[in-house]
Amino acid sequence: MQVTRASDYAVRVMIHLASLPEGERQSLPQLAAATDAPESFLAKILQALSRAGLILARRGKIGGFELLPIGRQASMRDVIEAMEGPLVLNVCLLSGDPCERKHQCPSHRVWVKAQEALLNVLGTSMISELAAERTPQTVNIDLKKDEA
């Protein structure tokens, strides 16, 4: 299993937005630069995050994207599931469709433990905590003075 590029960018943009002061908006080009994501692809990701109620998208001169309070409280699991739907390691773990072989399958209990571990790690990795750990990007400034 591999997280999609869309989910990776979604987590990046959520962490970036969470590192901004509450209520601050950024434009698509600013977000694309901050997350190293292509603008056209990021636009689709931002739409999905907006539909999930994690961010607010505003059009116009004072438009941009900002993190909603619920987005500030989101986990990595919330963000990934907003992009991809429920995370399931194996079809035998789908809810509502019990595996007929689970009592005779030795690997079922391993899948269950792995699923629980995955959901626990992603569910307890909070976007706001990750944003607080983020090291701010520094700008290289040449401090040499003219020697004339």
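The numbers here are math on the coordinates, done by the rules we state, and not lab data. This one's a predicted model, so the numbers in the text were calculated from it and none came from an experiment. As a convention, Cβ positions derive from the backbone with ideal geometry for all residues, glycine included, and neighbour counts pool all protein chains shown.
Charge tally for ALA32 (other residues, Cβ to Cβ under 11 Å; Lys, Arg +1; Asp, Glu -1): -1. Helix 108-123 and the longest principal axis of the C-alpha atoms of the chain enclose an angle of approximately 20°. In the chain, the calculated helix contribution to ellipticity at 222 nm averages -14000 deg cm²/dmol per residue, counting -39,500 (n - 2.57) for every DSSP H run with n ≥ 4. Taking every alpha-carbon pair in region 1-104 and binning the separations at 5 Å intervals from zero gives 2, 12, 23, 21, 15, 8, 6, 5, 4, 2, 1, 0, 0 percent.
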